[in-house]
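What follows is one structure encoded as structure tokens, with my remarks underneath.
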Amino acid sequence: REEVAEAPAASGSWAEAKAAARDCTRCGLCQHATQTVFGEGPLAAPVMFVGEQPGDQEDLAGKPFVGPAGRVFDRVMGEAGLDRSRAYVTNAVKHFKFEVRGKRRIHQKPNAGEISACRFWLGLERDFVRPKLIVALGATALHALIGHSGSLASMRERDLTLDDGTALVATVHPSYLLRLPDEAARLRETERFRADLERVGRLV
Ligand code: URA
């Protein structure tokens, strides 16, 4: 049986939760990742962004969204008039899942069990921050938040609400934009992503 990290006391602080997450063994991803990448940002943030999982650079830095996807996120946030330093930024899964190919570590999608194991930490972050609005960046984050696999396309550009009444905006993951091979499609999709972030700005 796998050992499960002690749950921080309900009265514990965010710093205690983050420290407990460092030793998390709720799923197997802790075995190969460098470290847990917990969320960061002000606990009084009105908006929480949820990505999928740390990538290669985030795994090494111990911070969310600092690699190529993070740079796209920062740029489009700026263009949409949002200030990342006022937002809480985290991921649905807090360990990097990868496959080694030569010298590279290639991202692999977390599975339903890993997402569900890590929902414990996302739930704690939501309890600490209590944001007015949560933004799901991509399908993994959306599934982690709504608990089932509704399609992102059908939930995008809609006013959604989570079970606890928190407003939810569903949009694409910034790395989706990086993967689009066609320049015209990339521009069009980046524009749509920016429009989603502008809506976030209007809602908070
Ligand atoms: N992709 C994510 O979903 N999160 C990160 O922190 C980096 C890349």
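Can you say whether residue 110 is buried (at least 19 other Cβ atoms within 10 Å of the Cβ) and in contact with a Leu (Cβ under 8 Å, 6 or more places away or on another chain), as far as the supplied structure shows? It would help to see each step written out before you state the result.
Values: buried (at least 19 other Cβ atoms within 10 Å of the Cβ): yes; in contact with a Leu (Cβ under 8 Å, 6 or more places away or on another chain): yes.
Criteria met by residue 110.
When residue 152 is tested against (1) surrounded by 19 or more Cβ atoms within 10 Å (Cβ to Cβ); (2) in contact (Cβ under 8 Å) with a residue 24 or more places away in the chain, just one condition goes unmet, and that condition is (2).
The residues in the stretch 130-165 that are within 26 Å of residue 44 (Cβ to Cβ) and either over 16 Å from the mean Cα position of the chain (by Cα) or not β-branched (Val, Ile, Thr) (or both) can be counted, and the count is 18. Annotation: of all residues in the stretch 158-187 being more than 23 Å from residue 71 (Cα to Cα) and β-branched (Val, Ile, Thr), the one that is farthest from the ligand (Cβ to nearest atom) is 161. Listed by position, the helices (runs of 4 or more DSSP H) enclosed by the stretch 92-179 that each have at least 3 residues that are under 16 Å from residue 197 (Cβ atoms) are 174-179.
Residues that are farther than 15 Å from residue 90 by Cβ and small (Gly, Ala, Ser) are absent from the stretch 123-138 altogether.
When the stretch 46-87 is examined, which residues are found to be assigned to a strand (DSSP E or B) and either more than 7 Å from the ligand (Cβ to nearest atom) or farther than 18 Å from residue 175 by Cβ (or both)?
Filtering the stretch 46-87 for residues assigned to a strand (DSSP E or B) gives 47-51.
Answer for the stretch 46-87, where residues must be assigned to a strand (DSSP E or B) and either more than 7 Å from the ligand (Cβ to nearest atom) or farther than 18 Å from residue 175 by Cβ (or both): 47, 48, 49, 50.
We did not get these values from a lab; they are worked out from the coordinates using the rules stated. It should be emphasised that the depicted structure is a prediction, and the values quoted were computed from it without experimental measurement. For neighbour counting, all protein chains shown are included, and Cβ atoms are generated from backbone atoms with ideal geometry for every residue, glycine included.
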